[in-house]
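Structure first, commentary second.
The values are calculated or read from the model by the stated rules, or taken from the named source; none is laboratory data. Only a predicted model underlies this, so the values are computations on that prediction, with no experimental measurement involved. Heads up, the Cβs are rebuilt from the backbone with ideal geometry, glycines too, and the neighbour counts pull from every protein chain shown. Only protein heavy atoms, including side chains, enter the accessible area calculation; ligands, DNA and RNA are left aside. Shrake-Rupley method; radii C 1.70, N 1.55, O 1.52, S 1.80 Å.
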Amino acid sequence: MARLRYRGIAVTAVTKAILGAPEIAEIWQQAGVSGLGDSRIENVRAMRAAGIPTLMTLVRSPMLSQAEQVVCLADVSLNTELEVIRELSSVAKRLGRTHAVVLMVELGDLREGIMPALLEQTVREVLQFPNITFKGIGANLACRSGVSPDIVNMTALSSFADDIDSAFGPVVEVVSGGNSASLSWALSGVDTGRINDLRLGESLLLGVDPLQREPIPGLHTDAIRLVTEVIESKRKPSQPWGKIAQAAFGEVPSVSDRGDIVQSILAVGRQDIDPEGLIPPPGIEILGASSDHLVVESTGSGELLTVGGEISFQINYSALLRAMTSPFITKVMSPLKAVLREEIGENFRA
Ligand SMILES: *Cc1c(COP(=O)(O)O)cnc(C)c1O
């Protein structure tokens, strides 16, 4: 956070992967983020209900059908459709409130965003809506197509901000340069231009840079772990027998015969996690997963795992999203405050 602040960039901490867990939102707030962001209004509602007063941004274009909730619960939303902004404006007017809007610009990843050629015209219209404050522009990269933030697209975003200001006066307050994938660009020592905000989720939660999934110096990659329970542990052949067709999820398993192995079942499945997103501890290898079963092999000592014992995994973003969303996974928050206080010392304002 300090490294970004030094470059004039504030952090909007994105809470969607933790479903707006107020415990974590509060920690982020105390660590000095400028606001919180979430893609789901339900999560924003949960944080408001927990009494979190922070500036709250809805980071997905509001659904028309949820415009009223958005105006009531979020201070800002990221937008690309005039029709939606018109509805936000009319709801805000009716309720006697104001709502701020950041316009998302398409920079090539082809997810959300207004095409650059239409940006100025859109800003002109947004500035005229009653009870709407035009707050700035933003972009999202590396999500749908994997297009990386770089000097070219980030400089383009800065220059769009300049163009808007020269057309309408100084109206662009926020230039939001993307998600965690923009972090390495922002910290690389390049001129960050007018970018003064990043919306960070994955990097704060998992301590990795999502472009290469490399650890970020100074952050922990194991702050969130998945603990599973062993429900079966047996010596079994490595090769199935009988006529082989598709398995539960459409794949045709290919297995070579390695003789008998020590195989265990953990009580977690595709309904709760993405099996590709689990990093097992040493001596454990993932063999497969169905809805409710994760099948693993003990590659180490050859000893059976104890039924009722626990195996703990490091998880990636995809597994985290699913685990946090699964009602079958119990979420346990350790005393983070104590950990943080120890690590960031006087910067921690409890
Ligand atoms: C999810 C999301 C973010 C945060 O992305 P991370 O990769 O988790 O940092 C930022 N902006 C938007 C629009 C998002 O949907």
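On a 0 to 90° scale, report how tilted helix 151-168 is relative to the longest principal axis of the chain, with both axes built from alpha carbons and the result rounded to the nearest 10. Helix 151-168 sits roughly 30 degrees off the main axis of the chain.
Could you compute the FRET efficiency for residue 247 and residue 267, with r as their C-beta to C-beta distance and R0 at 22 Å, rounded to 0.05?
0.70
Of the residues 268, 295, 255, the one that moves most in a GNM of the chain with alpha-carbon contacts below 10 Å is 255. Treating each Cα of region 121-264 as an identical point scatterer and summing with the Debye formula, the log10 of I(q)/I(0) at q = 0.18 Å⁻¹ comes to -1.06.
The residues of region 2-215 expose on average 42 square angstrom of accessible surface per residue, using a 1.4 Å probe on protein heavy atoms. Stretching the chain fully between residue 238 and residue 286 yields a gain of 16.0 nm (0.36 nm per residue, less the alpha carbon separation). The Cα atoms of region 91-206 cover 43, 32, 24 Å along the three principal axes, with the biggest extent listed first.
Largest first, the extents of the alpha carbon coordinates of region 225-331 on the three principal axes equal 38, 32, 19 Å.
Within the listed set 325, 306, 15, the Gaussian network model of the chain (springs between alpha-carbon atoms below 10 Å) gives the highest mean-square fluctuation for 306.
With each label modelled as a point 7 angstrom along the Cα→C-beta vector, the residue 65-residue 328 pair spans 2.8 nm. Distance between the modelled labels on residue 7 and residue 143, one decimal in nanometres: 2.0 nm (7 Å Cα→Cβ projection).
Can you give me the angle between helix 82-95 and the longest principal axis of the chain, using Cα atoms only, in degrees from 0 to 90, rounded to the nearest 10? Helix 82-95 sits roughly 70 degrees off the main axis of the chain.
A Cα-only calculation for the chain places Rg and Dmax at 23.4, 74 Å. Measuring nothing but how far apart in sequence close Cα pairs (under 8 Å, 6+ apart) lie, relative to its length, the chain scores a relative contact order of 12 percent.
Short to long, the 5 Å bins of the Cα pair-distance histogram for region 1-105 hold 2, 14, 23, 22, 18, 12, 6, 2, 0 percent of all pairs. Extension gain, residue 127 to residue 94, is 10.1 nm, computed as 0.36 nm per intervening residue step minus the present C-alpha separation. Each of residue 40 and residue 229 was given a label point 7 Å from its Cα along the Cα-to-Cβ line. The distance between the two points is 2.5 nm. Cross-link reach is defined here as a Cα-Cα straight distance under 15 Å, omitting same-chain residues fewer than 8 places apart; for residue 16 the aspartates and glutamates meeting it are 26, 38, 42, 202.
Note on region 45-113: along the principal axes its Cα atoms extend 38, 25, 18 Å, ordered by decreasing extent. Taking every DSSP helix (H) stretch of at least 4 residues in the chain, weighting each as -39,500 (n - 2.57) and dividing the sum by the residue count yields a mean residue ellipticity at 222 nm of -7500 deg cm²/dmol. For the chain, modelled as a GNM whose springs connect Cα atoms under 10 angstrom apart, the maximal fluctuation among 95, 204, 103 occurs at 95.
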